[in-house]
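Notes for the one structure printed next.
Quick note: the coordinates plus some simple rules give every number you see, no bench work behind them. As the structure is a computational prediction, the values presented were derived from the model and not from experiment. Methodologically, a virtual Cβ is constructed for each residue, glycine included, from the backbone with ideal geometry; neighbour enumeration extends over all protein chains shown.
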Amino acid sequence: QVQLVESGGGLVQAGGSLKLSCVVSGRTFTRFVMAWFRQTPGKERAFVAAIGTGDSATEYADSVKVRFIISRQHMNMAYLQMNNLGPEDTAVYYCAALTVGTWARQQDYDYWGQGTQVTVSS
């Protein structure tokens, strides 16, 4: 059984930064592509960023390029460094793990965390 647990969300002022963490347990972490998605009420979950198993390839949504950085460390941790946050970044952020599929397509992901709320005040 694979479990993903996010942490690091919270309330921050516009222009501030937050770092989200995701702990993966239950299976070989290095086999997964790791990603972050976000969701606001009434909208579908949207792709934010992903990082490949080799730790070198990354992909970002256009809206977060330059501002956000995805990384992975040790055997079971994934991170999302979020800088220069704006109110439009307010959402529940989800960590996800993928074995095979398209990185930006949520339907392809195998495992999900429970989500962590990020709120950016203007």
Please report the net charge: other residues with Cβ closer than 13 Å to the Cβ of VAL120, K and R +1, D and E -1. 0
Picking from VAL48, VAL33, VAL66, which is most flexible by a Gaussian network model of the chain using Cα springs under 10 Å? VAL66
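May I ask for the net charge around ALA14, where only other residues with Cβ less than 11 Å from the Cβ of ALA14 are counted and Lys, Arg are +1 while Asp, Glu are -1? Intermediate values should be presented prior to the final figure.
Working: positive: none; negative: GLU88, ASP89.
The answer is -2.
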Under a GNM of the chain (C-alpha, springs under 10 Å), which listed residue has the highest mean-square fluctuation: VAL24, VAL12, VAL100? VAL100
At ALA14 and GLU44, where each label point lies 7 Å from the Cα along Cα→Cβ, what is the point-to-point distance in nanometres? 2.9
Could you give me the ³J(HN,Hα) list for region 84-95, computed from phi with Karplus coefficients 6.51, -1.76, 1.60 and θ = phi - 60°, whole Hz, x at Gly and Pro? 6, 5, x, x, 5, 8, 4, 4, 8, 9, 10, 8
Using the Karplus curve 6.51 cos²θ - 1.76 cosθ + 1.60 with θ = phi - 60°, what ³J(HN,Hα) values do you get for each residue of region 57-67, in whole Hz, with x for Gly and Pro? 7, 9, 9, 10, 5, 4, 5, 10, 4, 6, 7
Which one, TRP36, GLY101, GLY8, is farthest towards the positive end of the dipole of the chain when Lys and Arg carry +1 and Asp and Glu -1 on their Cβ? GLY8
Loop GluC sites (Glu not before Pro), region 39-122 (other Cβ atoms within 10 Å of the site Cβ: 15 or fewer; DSSP): GLU44
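Hey, any idea what Rg/Rh is for region 1-118, computing Rh the Kirkwood way over Cα pairs? Each step should come with its number before you reach the end.
Working: Rg = 13.1 Å, Rh = 14.0 Å.
My calculation puts Rg/Rh at 0.93.
Under the definition of Cα pairs under 8 Å and six or more residues apart, what whole-number percent is the relative contact order of the chain? All intermediate terms of the calculation are to be shown ahead of the outcome.
Values: 304 pairs, mean separation 43.1, N = 122.
So the answer I get is 35 percent.
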Would you mind telling me which residue in LYS65, LYS19, LYS43 has the biggest mean-square fluctuation in a Gaussian network model of the chain, where springs connect alpha carbons within a distance under 10 angstrom? LYS43
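What is the dipole size for region 1-94, taken about its Cα centre, with +1 at each Lys and Arg Cβ and -1 at each Asp and Glu Cβ, in debye to the nearest 20?
Details: 9 positive and 7 negative charges, 37 e Å.
It works out to roughly 180 debye.
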Under the √(5λ) rule applied to the eigenvalues of the Cα gyration tensor, what semi-axes describe the equivalent ellipsoid of region 56-104? Give them in Å, descending. 20, 13, 12
